[in-house]
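The values are calculated or read from the model by the stated rules, or taken from the named source; none is laboratory data. In this text, all values refer to a predicted model and were calculated from it rather than measured experimentally. Here Cβ is always computed from backbone atoms with ideal geometry, including for glycine, and neighbour counts include all displayed protein chains.
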């Protein structure tokens, strides 16, 4: 096998550059598709949570009930479009006759579109999908989940903290799941001066779907 020459290296660099250039068109297409399909949504609530829970779990049933209640109050529901909590929320919204949006992400495992989203969009790029969650939601409801759920949570509070987006309610459901995280945020991050009390106040904890709907309604009245 002959050694690589400078020409070989330059060919690789050129090929990568061309690939990146064409990738921009795919990224632009995902933004355009998202904007076109979501622009006419009513006020929406994005609901996040684990893909790894089944219909028998209390968390699944809570998400389904919450989504149904939100639709009955005139909201659309947006999820990541997959199984678990996402499926539950899409199911509750669809069965209540509302707009049930699933923003699915292409993954090699776990993430498959659920059948309850009556508006389903597929994304290759996480960052494009995140823009859609934020841009078209007036509140985030974050239920128990894994890294992806926590990623969406801290993405939202970082954007609010840095004034990149207008503040909206960020609601953590199922207190027992989030209490450990909130304890660390208050006793470590806050105490060591890495954040301020105003940042801690961005989070709202509850176990009650009715309280969630009341918080969203209150915020909607404020921005109306």
*So which residues in the range 82-110 are touching a residue at least 40 places away in the same chain (Cβ under 8 Å) and surrounded by fewer than 17 Cβ atoms within 10 Å (Cβ to Cβ)?*
110
*Could you check residue 212 against (1) surrounded by 13 or more Cβ atoms within 10 Å (Cβ to Cβ); (2) not in a helix (DSSP H, G or I) and say which number it fails?*
(2)
*Determine which single condition residue 40 fails, assuming it passes every other condition in (1) out of contact with any strand residue (DSSP E or B) (no Cβ under 8 Å at 6 or more places or on another chain); (2) surrounded by fewer than 20 Cβ atoms within 10 Å (Cβ to Cβ); (3) in a helix (DSSP H, G or I).*
(3)
*Could you tell me which of the residues 156, 139 is closer than 20 Å to residue 213 by Cα, assigned by TED's automatic domain parsing to the domain that holds residue 47, without any contact (Cβ under 8 Å) to a residue 24 or more places away in the chain and touching a helix residue (DSSP H, G or I) at 6+ places or on another chain (Cβ under 7 Å)?*
156
*Only one of these conditions is not met by residue 205: (1) in contact with a strand residue (DSSP E or B) (Cβ under 6 Å, 6 or more places away or on another chain); (2) at pLDDT below 95. Which number is it?*
(2)
*Of (1) crowded, with 24+ Cβ neighbours inside 10 Å; (2) in contact (Cβ under 8 Å) with a residue 40 or more places away in the chain, residue 123 satisfies all except one. Which?*
(1)
*Could you pull out the residue among 161, 111 that is assigned by TED's automatic domain parsing to the domain that holds residue 90 and modelled with pLDDT of 95 or more?*
161
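A quick yes/no check of all residues on (1) farther than 22 Å from residue 223 by Cα; (2) more than 16 Å from the chain's Cα centre (by Cα); (3) surrounded by fewer than 18 Cβ atoms within 10 Å (Cβ to Cβ):
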residue: 145; (1), (2), (3): yes, no, no
residue: 152; (1), (2), (3): yes, no, no
residue: 158; (1), (2), (3): no, no, yes
residue: 168; (1), (2), (3): no, no, no
residue: 172; (1), (2), (3): no, no, no
residue: 182; (1), (2), (3): yes, yes, yes
